[in-house]
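The values are calculated or read from the model by the stated rules, or taken from the named source; none is laboratory data. Here the structure is a predicted model, which means the values were calculated and not measured. A quick note on method: Cβ atoms are made from the backbone with ideal geometry, for glycine too, and the neighbour counts reach across all protein chains shown. The area values use the complete protein model at the heavy-atom level, side chains included, leaving out ligands, DNA and RNA. Shrake-Rupley method; radii C 1.70, N 1.55, O 1.52, S 1.80 Å.
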Amino acid sequence: VVYGYDGNRVVQDFAKLQGVLEGDLDENTVKECDLLLVALYPQVSIEYLKHIAPYIPPNALVMDCCGVKREICEVGFALADEYGFTYVGGHPMAGTEFSGIQHALVNMFHGAHYILTPNDQSCPEHVELMERLAVHIGCANIVKTTPENHDAIIAYTSQMMHLIAVSVCDDPELFQCRGFEGSSFRGCTRVAALDGH
């Protein structure tokens, strides 16, 4: 059974209508879960983990998908120690500038990197399960690192690119370039449309 939760009830109901979810994830149904995948904005993920942690069964695996890792991993590892589940930080290096279930792509993860940030207390079997899951969804390779190293490298390879794209798109002179932009310009600036939560 696949349960799901979204802060926007319309999204949650749409996912059920599409057959993606079989039921609502709440304090009662989470007790049946072997794997909990948290794919919310970083601060919302932290708040959600704090709320749901007392109901997560011992020996369950919890993983987040946030693009920043240090703060959420600190909370996730501490909650895992307190309540007995396994926590592994994760970050699939895939996506588009569009958000929401209506923009889901069946091949979104094909050829992508999947970053895992386990710690010494992360159950090896659970880490191996996440590696197999990453391969199953089409990821090309799995990279393991610390949350701190992840954030330092992502600041350069991803967040700096976002800043550059936004600075270009916020330039009032941009509209004078109409008719001169090509695929390299579109590739460089598409991430400016990302929601920066």
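Observations on the structure shown:
- Within the stretch 173-190, the set of residues being within 26 Å of T157 (Cβ to Cβ), of a type outside the set (A, V, I, L, M, F, W, C) and free of Cβ contacts under 8 Å to residues at least 12 places away in the same chain comprises E181, G182, S183, S184, R186, G187.
- For the stretch 109-126, a residue qualifies if it is part of a helix (DSSP H, G or I) and buried (at least 18 other Cβ atoms within 10 Å of the Cβ), and exactly one does: H126.
- Here L40 meets the list (1) within 19 Å of P147 (Cα to Cα); (2) surrounded by fewer than 16 Cβ atoms within 10 Å (Cβ to Cβ) almost entirely, failing just condition (2).
- Within the stretch 1-100, strands (runs of 3 or more DSSP E) holding 2 or more residues that are in contact (Cβ under 8 Å) with a residue 40 or more places away in the chain and touching a Pro at 6+ places or on another chain (Cβ under 9 Å): 86-92
- Subset of the stretch 50-64 (residues that are farther than 13 Å from T86 by Cβ and open to solvent by less than 10 Å² (accessible area, probe 1.4 Å)): I52
- The listed residue being of a type in the set (A, V, I, L, M, F, W, C) and more than 19 Å from the chain's Cα centre (by Cα), out of V88, V10, V62, V38: V10
- Selection of the stretch 172-191 for residues being exposed (fewer than 10 other Cβ atoms within 10 Å of the Cβ) and either within 27 Å of the chain's Cα centre (by Cα) or at negative phi (or both) yields P172, E173, F175, Q176, R178, F180, G182, S183, S184, R186.
- Long-range neighbours under 7 Å by Cβ, at least six apart or interchain, first residue open to solvent by less than 60 Å² (accessible area, probe 1.4 Å) within the stretch 132-147, second among the charged types (D, E, K, R) and in a loop (DSSP other than H, G, I, E, B): P147/K69
- Evaluation of I164 against (1) in a helix (DSSP H, G or I); (2) closer than 16 Å to L37 by Cβ; (3) modelled with pLDDT under 85; (4) not acidic (D, E) (one fails), failing number: (2)
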